[in-house]
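Trainee: Got a structure for you, written out below as structure tokens; questions coming shortly.
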Amino acid sequence: MKKRDFLKRLGQGALLSPFLATPMSSLASESVNPGSYDIPDEDEFWKRIRQDYALKPDYINLENGYYNIAPTPTLQKFWEHVQEVNYQGSYYMRTVQWDNKKRITSRLASLVGCNSEEVIITRNTTESLDMIIGGIPWKSGDEAIYAIQDYGAMRMHFQQMAKRFGVVNKEISIPNHPKSDEELVSLYEEQITPRTKLIMVCHMINITGQIMPIRKICQMAHRYGVEVMVDGAHCIGQFKVDIPSLECDYYGSSLHKWLSTPLGAGLLYVKKDHIPKIWPLLAEHKRDSGDIGRLNHTGTHPVHTDLAIDNAIDYLEMIGLERKEKRLRFLQRYWSEALRGIKNIQINTPVEASRSCGIANVGITHMKPADLAKTLLDEFKVFTVAIDYANVQGCRITPNVYTTTDELDRFISVMKELASRV
């Protein structure tokens, strides 16, 4: 989407809902429309983007991984959707609800290179992947493989399948600094037996930001007849994701992370051949077994969130995904390279640029992660999240497109100071 078209669509929305001006002006850091995006200078462009975010002045927010707050243009459109759905009430829900969801699903599928018949909109990654874990027709003795660094909600659901169906779960541990892709692939391959049914693997490990060699893992697994489910919670909207090129069987993501939709939007991809065998989380009206829509019945839900996915994609396209990815990589490398090699500081993310994007993890050898996170916030007004399990002891640092190098300079300075307090 061209920037002038994006601004035109935003302006049209403001004209349709003028009563939004007062609340929006109180939340925006500058104003509803603080100026053009057609800025050739890169630094000035990102300063302009920052004006689209209502930021609390209480702290520097370096914890955008859990929920990546929506920019004001997206938020404004979301509020318009809330008001319009509320205005139409049951009429909307019984007439155009499904057509709109189908249209937005198609656009979302296009963003990740998929056929819309293989994608549904969910509420988050947990719902997406637990739907697969709980929906596969397990038999006693079937085996699943995943890493102890994987997200807890999915690991717990595998444990539930073990109790319910007798599934055997095998856990591996991912090194923070792998020597090669082949080392990572072999960790999964070594656990495969004739009873192995499913491998779960993170596209980007949420606690370290390490990007895994998904296609190589999938190709290896498929040689053994094993399916692969990918946790892409942090990927869509952070860097280019082309799901078919990964050759995975299932893929889940949370759109309220790096696509910056309002809370409660996710994606599930199921390869066409696998759709018929997956049991729905909730029963649906009679549909063809190959219709992925039968997996998408959650009852009455906030449909205005689905509508805002459209606007979040507008905003992403206005920036440009490649440009956004480049910025996020720059910000991560800006602080992590400044701290690598500093005494008492440990970077828990691979040094190779290809193995990470906007997320990385850092610890101080003589401080527990919880103490580090608390000190950063209480003493220095820097908000992060502590990670202290598996082989990762540190704080996950997730800048966003609005983050400035001045803020990162402050973080770098603080970390060096804390590292020297022995």
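The values are calculated or read from the model by the stated rules, or taken from the named source; none is laboratory data. Predicted model, so just to flag it, every value in this text is computed and none were measured. As a convention, Cβ positions derive from the backbone with ideal geometry for all residues, glycine included, and neighbour counts pool all protein chains shown.
Trainee: Only one of ILE174, ILE243, ILE192 is crowded, with 18+ Cβ neighbours inside 10 Å and within 23 Å of TYR66 (Cβ to Cβ). Can you tell me which?
Mentor: ILE174
Trainee: Whether any residue in segment 133-147 is in contact with an Asp or Glu (Cβ under 6 Å, 6 or more places away or on another chain) and surrounded by 15 or more Cβ atoms within 10 Å (Cβ to Cβ) is what I want to check.
Mentor: no
Trainee: Residues in segment 80-108 that are surrounded by 13 or more Cβ atoms within 10 Å (Cβ to Cβ), of a type in the set (Asp, Glu) and more than 25 Å from the chain's Cα centre (by Cα): how many?
Mentor: 1
Trainee: While we're here: Write out, first by first residue and then by second, each pair whose Cβ atoms fall under 6 Å of each other, whose residues are 6+ apart or on separate chains, and whose first residue, in segment 274-290, is free of Cβ contacts under 8 Å to residues at least 40 places away in the same chain while the second is of a type in the set (D, E, K, R).
Mentor: As it stands, the answer is GLU284/ARG294; ARG287/ARG294, since those pairs meet every condition given.
Trainee: Then there is this: Would you confirm, using the coordinates I've provided, whether ILE104 is in contact (Cβ under 8 Å) with a residue 24 or more places away in the chain, in contact with an Asp or Glu (Cβ under 6 Å, 6 or more places away or on another chain) and over 30 Å from PRO194 (Cα atoms)?
Mentor: In short, yes.
Trainee: So, in segment 195-207, of the ones that are assigned to a loop (DSSP other than H, G, I, E, B) and either under 16 Å from the mean Cα position of the chain (by Cα) or not charged (D, E, K, R) (or both), which residue ends up farthest from ASP388 (Cα to Cα)?
Mentor: At the first step, the residues of segment 195-207 found to be assigned to a loop (DSSP other than H, G, I, E, B) are 195, 203, 205-207.
After this cut, where a residue has to be either under 16 Å from the mean Cα position of the chain (by Cα) or not charged (D, E, K, R) (or both) as well, the list is 203, 205-207.
Values: HIS203: 21, ILE205: 14, ASN206: 13, ILE207: 9 Å.
Ranking the candidates gives HIS203 first.
Trainee: Just give me the residues in segment 370-397 being in contact with a Lys or Arg (Cβ under 9 Å, 6 or more places away or on another chain) and under 19 Å from CYS357 (Cβ atoms), in sequence order.
Mentor: THR384, VAL385, ILE387
Trainee: Only one of (1) out of contact with any His (no Cβ under 8 Å at 6 or more places or on another chain); (2) within 20 Å of GLU352 (Cα to Cα) is not met by THR193, so which one is it?
Mentor: Status for THR193: all satisfied but (2).
Trainee: Continuing with the same structure: Would you pick out the residues in segment 69-108 that are touching a Ser or Thr at 6+ places or on another chain (Cβ under 6 Å) and over 25 Å from GLN238 (Cα atoms)?
Mentor: Residue satisfying the conditions is GLU80 alone.
Trainee: With the structure loaded, tell me whether SER245 is closer than 25 Å to ARG329 by Cα, hydroxyl-bearing (Ser, Thr, Tyr) and not in a helix (DSSP H, G or I) or whether it fails that test.
Mentor: In short, no.
Trainee: Could you check TYR251 against (1) surrounded by fewer than 19 Cβ atoms within 10 Å (Cβ to Cβ); (2) in contact with a Phe, Trp or Tyr (Cβ under 9 Å, 6 or more places away or on another chain) and say which number it fails?
Mentor: Answer for TYR251: the failing condition is (1).
Trainee: Could I ask something else about it? Counting residues that are farther than 20 Å from GLY299 by Cα, which strands (runs of 3 or more DSSP E) fully inside segment 79-194 reach at least 2?
Mentor: Working: elements: 119-122, 143-147, 168-172.
Answer list for segment 79-194: 143-147, 168-172.
Trainee: Something else about it: Looking at the structure I just gave you, is ILE205 among the aliphatic types (A, V, I, L, M), closer than 25 Å to ASP310 by Cβ and at pLDDT 95 or above?
Mentor: The answer is no for ILE205.
Trainee: Restrict the check to segment 313-322 and report whether at least one residue is acidic (Asp, Glu), within 30 Å of ARG94 (Cβ to Cβ) and part of a loop (DSSP other than H, G, I, E, B).
Mentor: Scanning segment 313-322, I find no residue that is acidic (Asp, Glu), within 30 Å of ARG94 (Cβ to Cβ) and part of a loop (DSSP other than H, G, I, E, B), so the answer is no.
Trainee: Also, quick follow-up: Only one of ASN344, ASN311, ASN361, ASN400 is of a type in the set (S, T, N, Q), buried (at least 21 other Cβ atoms within 10 Å of the Cβ) and farther than 30 Å from PRO40 by Cβ. Can you tell me which?
Mentor: The match here is ASN361.
Trainee: Still on this structure, please answer the following. What single numbered condition from (1) touching a strand residue (DSSP E or B) at 6+ places or on another chain (Cβ under 9 Å); (2) free of Cβ contacts under 8 Å to residues at least 60 places away in the same chain; (3) surrounded by fewer than 22 Cβ atoms within 10 Å (Cβ to Cβ) fails to hold for SER354?
Mentor: All conditions are met except number (2).
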